[in-house]
Amino acid sequence: PFDIGLEKLRVLPAETEASPDFFRLRFSRLPLAAFARWLPKVKITGTLAAGESMVRASADGSLALHTTEPWRFEDMAVGVASAPTVFRFTAQFSPNGARRGDQLAAGLDNIVVRAPSLALAGGLALSRTKDVLAAESSLELDLPALPHSGETFGPLHASWHGKFHSLTPLIMGADEFSLRGKNAAGDVLTLAAPQPFLFGLSNSGSVAVST
């Protein structure tokens with residue numbers, strides 16, 4: 001369909017210290033069902049109710065994507081065309097990104113997803129410097145009514161934090177890792193790495209984990 005080659009993109013330094021806006025993207029009550037024709041196997045309805053982001057250039061020649069109003073999705077319903085079940089929710093997030101020399105960064109801040117069966121909040125950051133990829137995320141998840149939870153463990157709250165970087169195309173390093181689940185009585189699950197570790201695929205194709 002189309003391809004954007006960032007490798008050939010050059011940004012001329014601004015003549016002043018101000019950061020001029022290259023362009024501004026603003027949404028207001030955009031119906032997402034209009035895009036369903038390009039997703040024949042997916043059912044999607046809802047509205048991109050609001051949002052505003054802009055691309056700015058700095059005096060050093062870098063580019064940055066900055067969001068001034070979170071992208072807010074309302075009355076969303078997503079499902080598979082061949083199945084009657086749909087996932088209904090509202091959501092919002094603030095996309096961001098930057099390019100400076102050979103460094104790329106992108107992320108989603110202030111993620112909030114609300115549905116009848118869950119509530120999620122957190123953020124995600126990705127970056128690339130030369131051949132090294134890095135990712136960091138923190139999420140909080142509330143599960144008020146899992147199947148049969150009412151007569152067993154009740155509502156659950158889960159928290160997750162992870163920080164990773166690539167060593168080779170098949171091996172990742174985990175710098176920080178923690179997963180915690182709790183209910184009204186206290187912790188029901190705690191999984192944390194006391195020190196960094198490596199994981200990925202070995203040359204033989206098997207899963208490898210090492211400190």
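For the reader, a short list of remarks on this structure follows.
- Any chance PHE35 is under 22 Å from the mean Cα position of the chain (by Cα) and either modelled with pLDDT of 85 or more or exposed (fewer than 14 other Cβ atoms within 10 Å of the Cβ) (or both): yes
- Any chance GLY205 is at pLDDT 90 or above and open to solvent by less than 80 Å² (accessible area, probe 1.4 Å): no
- Odd one out for GLY107 among (1) touching a Ser or Thr at 6+ places or on another chain (Cβ under 9 Å); (2) open to solvent by 70 Å² or more (accessible area, probe 1.4 Å): (2)
- Filtered residues of the stretch 110-124 (kept if farther than 17 Å from LEU156 by Cα and open to solvent by 60 Å² or more (accessible area, probe 1.4 Å)): ASN110, LEU124
- Flag for SER127 being assigned to a strand (DSSP E or B), open to solvent by less than 40 Å² (accessible area, probe 1.4 Å), at pLDDT 95 or above and closer than 27 Å to HIS165 by Cβ: no
- Matching residues in the stretch 57-91 - criterion: being of a type in the set (Ser, Thr, Tyr) and either under 18 Å from ALA105 (Cα atoms) or modelled with pLDDT of 90 or more (or both): SER58, SER62, THR67, THR68, THR90
- Residue within the stretch 165-185 that is among the aromatic types (Phe, Trp, Tyr) and either open to solvent by less than 40 Å² (accessible area, probe 1.4 Å) or part of a loop (DSSP other than H, G, I, E, B) (or both) present: no
- The set of residues from the stretch 40-50 being closer than 20 Å to GLY79 by Cβ and open to solvent by less than 20 Å² (accessible area, probe 1.4 Å) comprises GLY46, LEU48.
- Positions within the stretch 65-93 being touching a residue at least 40 places away in the same chain (Cβ under 8 Å) and of a type in the set (Gly, Ala, Ser), in sequence order: ALA81, SER82
- Comparison of VAL113, VAL209 shows that the only residue that is more than 30 Å from VAL78 (Cβ to Cβ) and not in a loop (DSSP other than H, G, I, E, B) is VAL209.
- Remark: PHE197 falls outside the filter, which requires a residue to be open to solvent by less than 70 Å² (accessible area, probe 1.4 Å) and either modelled with pLDDT of 95 or more or of a type in the set (Asp, Glu) (or both).
- In summary, SER53 fulfils each of the numbered conditions (1) surrounded by 16 or more Cβ atoms within 10 Å (Cβ to Cβ); (2) free of Cβ contacts under 8 Å to residues at least 40 places away in the same chain with the single exception of condition (2).
- Across the stretch 97-118, the qualifying residues are those that are of a type outside the set (D, E, K, R) and under 20 Å from ALA49 (Cβ atoms), and the one among them that is nearest to the chain's Cα centre (by Cα) is LEU108.
The values are calculated or read from the model by the stated rules, or taken from the named source; none is laboratory data. Quick caveat: nothing in here was measured; it's all calculated off a predicted structure. Counting neighbours? That spans all protein chains shown, and the Cβs are built from the backbone with ideal geometry, glycine included. Keep in mind that these areas ignore ligands, DNA and RNA; they rest on the heavy atoms of the full protein, side chains included. Shrake-Rupley method; radii C 1.70, N 1.55, O 1.52, S 1.80 Å.
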